Every structure is written in C-alpha cells, then in structure tokens.
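Chemist: For reference, the structure I am asking about is given below.
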Amino acid sequence: MTQGALYIYLLGLIPTFEARYAIAVAAALNMNPLKALAIAFTSVATLSITLPYIIPYIDRLAEKIQSTGKPVISKTAALYLKYVAKARGKAGKYLSKYGLIGLVIFIAAPLPGTGIWTGVLGAHLLGLPRRTMIAASLTGGSISVLIVFSATYPVIDILLH
C-alpha cells in the first residue's frame, strides 16, 4: 500500500470524517478513481465490522477515565461521552421512526454528525443487534461513499482538464 493510499484509508477511519470525506481528499489528490473507491470501501468495511464490537468497551473505558478526575484525560472522556449522548439523540430519532431503513439513511447521508461512527453509537445505545449494525453500516457507508464519489470526481476532472 502506498503512502497516499494509507493516508486515505486512515482518514476513512476517523470519526465524522470517514470514507465519504476521504474519497473527496483522494479526488483532490488526483488518485485513480477505482483505487480511491477500493480504499474507501475498505475503510467502510473496517469500521462496519469492528465498531459494533469495540463501542461497548470504549464507553465503559471513557466512563472510568472520566471518574479519575485527572484534568486533561477526564475532560477528553467527558467530551466523548457528550458526543455519545448527541449520537443517541440524532440516530434515535431515525431509528424509532424508520427502523433499519432509517439507520441506513442516517449513515448514508453525507452530512455533519451522521455516518458510521454516529450510526453505530446510536444503534448500540438503542440495543440493536450487532448483525443489524454491521449490515446498516456496510450499506449506508457504501451509499455515502458513492454519493460523494459521484459529486467530487466529475467536478475535480472538469476543474483539472
């Protein structure tokens, strides 16, 4: 894997940035479109498969860290827990009203505050099964990548040529 590919892959794993915005960076870097899509879909798969298993442990760890009272560390944990509470509220509205399709749409919408991280957090907090979270994340994350890909690559191509 080249340095550029690794950079795009790692960007695709960052909360709120995720693969949908990493694909836009790949376009700006003039990366081969098929290579960019493959990397973005790999980021989506990585998050979709791992987050439903990792999130419960991150929550417990953040709660323990917050209670330590150490200034920087406990404030960081408090920020994370505040993000979790917001995610529960945002994703919960879609889930209670539209169910699984709502979760897919929520994850797929390339808007701030949506995406795989927030969708899985919300689904976890509402007690959805891991299989459901994985399926919704794979589907919604892939749709989001395709939306941003279709909007960015043609525009970059027009601007560069």
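The values are calculated or read from the model by the stated rules, or taken from the named source; none is laboratory data. Only a predicted model underlies this, so the values are computations on that prediction, with no experimental measurement involved. In this analysis, Cβ positions are derived from the backbone assuming ideal geometry, glycine residues included, and neighbour counts consider all displayed protein chains.
Chemist: Anything in region 20-65 that is touching a residue at least 24 places away in the same chain (Cβ under 8 Å), over 19 Å from LEU138 (Cβ atoms) and of a type in the set (A, V, I, L, M, F, W, C)? List them, or say none.
Modeler: ALA24, ALA27, ALA28, LEU29, MET31, listed by residue number.
Chemist: Since PHE106 meets every condition but one in (1) touching a Phe, Trp or Tyr at 6+ places or on another chain (Cβ under 6 Å); (2) free of Cβ contacts under 8 Å to residues at least 24 places away in the same chain, which condition does it not meet?
Modeler: (2)
Chemist: Another question, if that's okay. Test GLY141 against the criterion of being in contact with a Leu (Cβ under 9 Å, 6 or more places away or on another chain), assigned to a helix (DSSP H, G or I) and within 21 Å of ALA36 (Cβ to Cβ), and give yes or no.
Modeler: yes
Chemist: Would you list the helices (runs of 4 or more DSSP H) that sit entirely within region 16-135 and hold 2 or more residues that are closer than 23 Å to PHE149 by Cα and over 13 Å from the mean Cα position of the chain (by Cα)?
Modeler: Hits in region 16-135: 18-28, 33-66, 71-108.
Chemist: I would also like to ask the following. Test each condition in (1) of a type in the set (S, T, N, Q); (2) surrounded by 14 or more Cβ atoms within 10 Å (Cβ to Cβ); (3) modelled with pLDDT under 90 for SER96 and report the one that comes out false.
Modeler: Single failed check for SER96: (2).
Chemist: For residues that are modelled with pLDDT under 95 and among the small types (Gly, Ala, Ser), scanning just region 137-156, find the one that is surrounded by the fewest Cβ atoms within 10 Å (Cβ to Cβ).
Modeler: Among those residues, the one meeting the criterion is SER150.
Chemist: Restricting to region 111-135, and then to whatever is within 17 Å of THR16 (Cα to Cα) and surrounded by fewer than 19 Cβ atoms within 10 Å (Cβ to Cβ), can you tell me which residue is modelled with the highest pLDDT?
Modeler: Step by step, filter region 111-135, then rank; the result is LEU111.
Chemist: Looking only at region 1-10, count how many residues are in contact (Cβ under 8 Å) with a residue 24 or more places away in the chain and not β-branched (Val, Ile, Thr).
Modeler: Selection size over region 1-10: 3.
Chemist: Looking for something surrounded by 15 or more Cβ atoms within 10 Å (Cβ to Cβ), closer than 18 Å to SER142 by Cβ and aromatic (Phe, Trp, Tyr) - is there at least one such residue anywhere in region 68-91?
Modeler: No: zero hits.
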